[in-house]
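S.K.: Next up is a structure, given as structure tokens.
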Amino acid sequence: MSTLYAIILAIVEGLTEFLPVSSTGHLIIASSFLGIEKDEFTKLFEIAVQLGAILAVVVLYWKKFFDFKRWQFYLKLMVAVLPALVLGALFSKKIDNLLESPLTVAIMLLLGGIVLLFIDTFFKTPAIDQEEKIPNSKAFIIGIWQCLAMIPGTSRSAATIIGGMQQKLTRRVAAEFSFLLAVPTMMAATGYKLFKSYKENPAILHDQANLKALLIGNVVAFVVAILAIKFFIGFLQKHGFKLFGYYRIIAGTVLLVLIWMKYIGQ
């Protein structure tokens, strides 16, 4: 993978990881559109570049992550991430197969976009306006919602935010808890993928060009993710989800057309 392609994919990751538009889906679209070969390193890069985005959350919310007196916070995240860890371990091969399907991404972008158009109407009476007030039972249910994101194109951010609002969280708190939950979830997914790749093909991480692409990609994803998170919180409080719903519908429709015209494979 060239440095330019690494930077482009990292920008896509940083912009979309925490917006409800599906980062995995956009990475699949971008790599397919650019004609980047779907070799083992490309698959690894699309997962490992999430480390930069994870670090952005830790930096922005460092007071929560490093306040070791609040053990309840860590327990809450552990409870919430448990469903994804279990299902991810059970269905890892099927998930890997889905990650190569632009058609699945297109369909889920469309369906998710329709849901986002009406989400503010569905959940009008939030009761939880602080992360500290989220009980472990609600955190676990949000974690179950997160499992929907194993289908590429769904969006982990969208699934957890919708799950949070269904559990009576305000838009802001649902979005922020989605960011916080991303850290253990994405660390587990990235760590597993790196370990699996190294075990099956150690040379993939010994290649200097691959290591350079990973380093540059994560730095770019970190910077872009910080900007995206700050934008999203402010925008969400003022305008809600409709713009993201329209965007997903347009993106899904364009992708379906490109697949139909055979510019992108299914």
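The values are calculated or read from the model by the stated rules, or taken from the named source; none is laboratory data. Note that the structure is predicted; figures quoted are calculated from it, not measured. So basically every Cβ, Gly included, is an ideal-geometry build from the backbone, and we count neighbours across all protein chains shown.
S.K.: Within region 23-58, can you find the residues that are modelled with pLDDT under 80 and buried (at least 19 other Cβ atoms within 10 Å of the Cβ)?
M.R.: Of everything in region 23-58, those that are modelled with pLDDT under 80 and buried (at least 19 other Cβ atoms within 10 Å of the Cβ) turn out to be Thr24, Gly25, Ile28, Ile29, Ser31, Ser32, Ile36.
S.K.: So, one more: So in region 129-185, with the set limited to residues that are of a type in the set (Lys, Arg) and assigned to a helix (DSSP H, G or I), which one is modelled with the highest pLDDT?
M.R.: Lys138
S.K.: Does Phe41 qualify as being under 15 Å from the mean Cα position of the chain (by Cα) and of a type in the set (Phe, Trp, Tyr)? First the steps, then the outcome.
M.R.: Details: under 15 Å from the mean Cα position of the chain (by Cα): no; of a type in the set (Phe, Trp, Tyr): yes.
Considered against the rule, which asks whether it is under 15 Å from the mean Cα position of the chain (by Cα) and of a type in the set (Phe, Trp, Tyr), Phe41 comes out as no.
S.K.: Mind checking whether some residue in region 230-243 is loosely packed, with under 13 Cβ neighbours inside 10 Å and at positive phi?
M.R.: no
S.K.: Follow-up question, since we're still on this one. Being assigned to a helix (DSSP H, G or I), touching a residue at least 12 places away in the same chain (Cβ under 8 Å) and among the charged types (D, E, K, R) is true for just one of Lys238, Lys199, Lys193. Which residue is that?
M.R.: Values: Lys238 fails: touching a residue at least 12 places away in the same chain (Cβ under 8 Å); Lys199 fails: touching a residue at least 12 places away in the same chain (Cβ under 8 Å).
Selected residue: Lys193, the only one of Lys238, Lys199, Lys193 that is assigned to a helix (DSSP H, G or I), touching a residue at least 12 places away in the same chain (Cβ under 8 Å) and among the charged types (D, E, K, R).
S.K.: Return the only residue of Gln130, Gln146 being within 16 Å of the chain's Cα centre (by Cα), of a type in the set (S, T, N, Q) and under 22 Å from Phe65 (Cβ atoms). Can you show your working first?
M.R.: Values: Gln130 fails: within 16 Å of the chain's Cα centre (by Cα).
It is Gln146.
S.K.: Let me ask something else about it. From the list Lys193, Lys242, exactly one residue is more than 27 Å from Ala89 (Cβ to Cβ) and within 20 Å of the chain's Cα centre (by Cα). Which is it? Spell out the reasoning first.
M.R.: Numbers: Lys193 fails: more than 27 Å from Ala89 (Cβ to Cβ).
So the residue among Lys193, Lys242 that is more than 27 Å from Ala89 (Cβ to Cβ) and within 20 Å of the chain's Cα centre (by Cα) is Lys242.
S.K.: With the condition being within 14 Å of Ala228 (Cα to Cα), I'd like the helices (runs of 4 or more DSSP H) fully within region 1-89 carrying at least 3 qualifying residues.
M.R.: Fully inside region 1-89 and qualifying: 3-16, 50-60.
Yes or no, residue by residue, for (1) of a type in the set (A, V, I, L, M); (2) within 21 Å of Ala228 (Cα to Cα):
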site	(1), (2)
Ala139	yes, no
Ile144	yes, no
Ser155	no, yes
Thr160	no, yes
Thr170	no, yes
Leu180	yes, yes
Thr185	no, yes
Tyr192	no, no
Tyr198	no, no
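S.K.: Kindly list the number of the only condition in (1) surrounded by 17 or more Cβ atoms within 10 Å (Cβ to Cβ); (2) over 24 Å from Arg248 (Cα atoms); (3) of a type outside the set (Asp, Glu) that fails for Phe68.
M.R.: (1)
S.K.: Scan region 102-152 residue by residue and report those that are out of contact with any Phe, Trp or Tyr (no Cβ under 9 Å at 6 or more places or on another chain) and charged (D, E, K, R).
M.R.: Those that are out of contact with any Phe, Trp or Tyr (no Cβ under 9 Å at 6 or more places or on another chain) and charged (D, E, K, R): Lys124, Asp129, Lys133, Lys138.
S.K.: I'd like the full set of residues that are at pLDDT 90 or above and either assigned to a loop (DSSP other than H, G, I, E, B) or among the small types (Gly, Ala, Ser) (or both), limited to region 101-128.
M.R.: Selection gives Gly112, Gly113.
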